[in-house]
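Q: One structure, as structure tokens, below. Some questions next.
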Amino acid sequence: MQNDIGKGTVEMTAAMVISGTIGWFVVMSGQPVSGVVFWRCLFGAASLLVICGALGFLRPGILSPRTFGIAVLGGIAIVANWLLLFASYSHASISIATTVYNTQPFMLLALGAAFLGEKITLAKLFWLALAFAGMVAIIEAKPDAGGISGSYGLGIALALGAAFFYALAALAAKWLKGTPPHLIALIQVSTGILMLAPVTDFSDLPTTAGSWCILVAMGVVHTGLMYVLLYGAIQKLPTHLTGALSFIYPIVAIAVDGLAFGRALQPLQILGAAIILVAAAGMNLGWTPGRWLRPIRN
């Protein structure tokens, strides 16, 4: 058991570090957002096809028509999530976009209450209100516009939209409980290929080996390998540890944004980001306001 937790911790940490670097790959690819997502889906599908084949998930009859349909709808949501999140980077910076994107647990809370009958407790409402306060702080902040074009508010709106679509994909995943997650991921990225092929400009392909390596890495590493690590970790770790380690992702993203692009957060942005991350931690880890930052003991 202890060995599983140790291995799962390493896998989850690696998955979150990989996720935290994706913003750099998106920016450095030099491709339009739709093109980046298309190539990520294409190369991701190729790697996941090999993985699913090796795990025996491609045999006939493993999915019912209903399961397949829900997985496709989840794929539409996850692709929309990628499109909006990647588009937000050029408006609000990788750091702010990733932090705002971490409001997704609250989106899932609302959807779970609406469609799954899940109970919203006073503690959850408290963390939701706290996250909203952090969002207000970020919106009111005056960003360091160096290297950022476009509207700061638009970037925040795009990141919120990405969080909403991620929550929709997570809701679909809840309905697919028991279905091999790697197969779900394969269906999702394959759906993305079909969605984006008609709008991808194949006459303006990357012209350097470096650009192609970035796109391949996003498919193979940030999609195929990351899914393997993430789902492997989820199967080994208790929920509270999975939730705690997930916060490596925004921390790495903020560090990459600062080191690679020199974008420093303003004091009010730092405050807002910290408030949102604390609220998301409280939501994920079951903290109660009365015990401030202490997990519930059953």
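Every number here is computed from the coordinates shown, using simple stated rules; none is lab data. Since this is a predicted model, take the numbers as computed values, not measurements. A quick note on method: Cβ atoms are made from the backbone with ideal geometry, for glycine too, and the neighbour counts reach across all protein chains shown.
Q: How big is the chain by Rg and Dmax over its Cα atoms, in Å?
A: 19.0, 59
Q: A further question on this structure: Take the alpha-carbon centre of region 235-271, take the same for region 46-70, and report the distance between them in whole Å.
A: When both Cα centres are located, 32 Å separates them.
Q: Let me ask you something else. Quick one: net charge around Leu237, please, counting Lys, Arg +1 and Asp, Glu -1 for every other residue with C-beta under 13 Å from its C-beta. Let's see the in-between values first.
A: Numbers: positive: Lys7, Lys236; negative: Asp4, Glu11.
Net local charge, Leu237 excluded: 0.
Q: Ranked highest first by the average count of other Cβ atoms within 10 Å around their residues, in what order do 215-223, 24-32 fall?
A: Values: 215-223: 20.8, 24-32: 18.6.
Ranking, from highest mean packing down: 215-223, 24-32.
Q: A follow-up question, please. Under 20 °C and 1.002 mPa s, how fast does region 166-294 diffuse according to Stokes-Einstein, given a Kirkwood radius computed over C-alpha pairs? Answer in µm²/s, whole number. The partial results should precede the final answer.
A: Numbers: Rh = 18.2 Å.
It diffuses with D of about 118 µm²/s by this estimate.
Q: How much length, in nm to one decimal, is gained on full extension between Glu140 and Ala46, taken as 0.36 nm per residue of separation minus their Cα-Cα distance?
A: Working: separation 94, 0.36 × 94 = 33.84 nm, distance 4.32 nm.
Gain on extension, Glu140 to Ala46, equals 29.5 nm.
Q: Pairs of lysines 8 or more apart, or on different chains, with alpha carbons under 27 Å: count those in the chain, would you?
A: For the chain, qualifying lysine pairs total 11.
Q: 222 nm [θ] for the chain, helices only, -39500 (n - 2.57) per DSSP H run of 4+, per residue, to 500? The partial results should precede the final answer.
A: Working: 13 runs with 219 residues, N = 298.
Counting only the DSSP helices, I get -24500 deg cm²/dmol.
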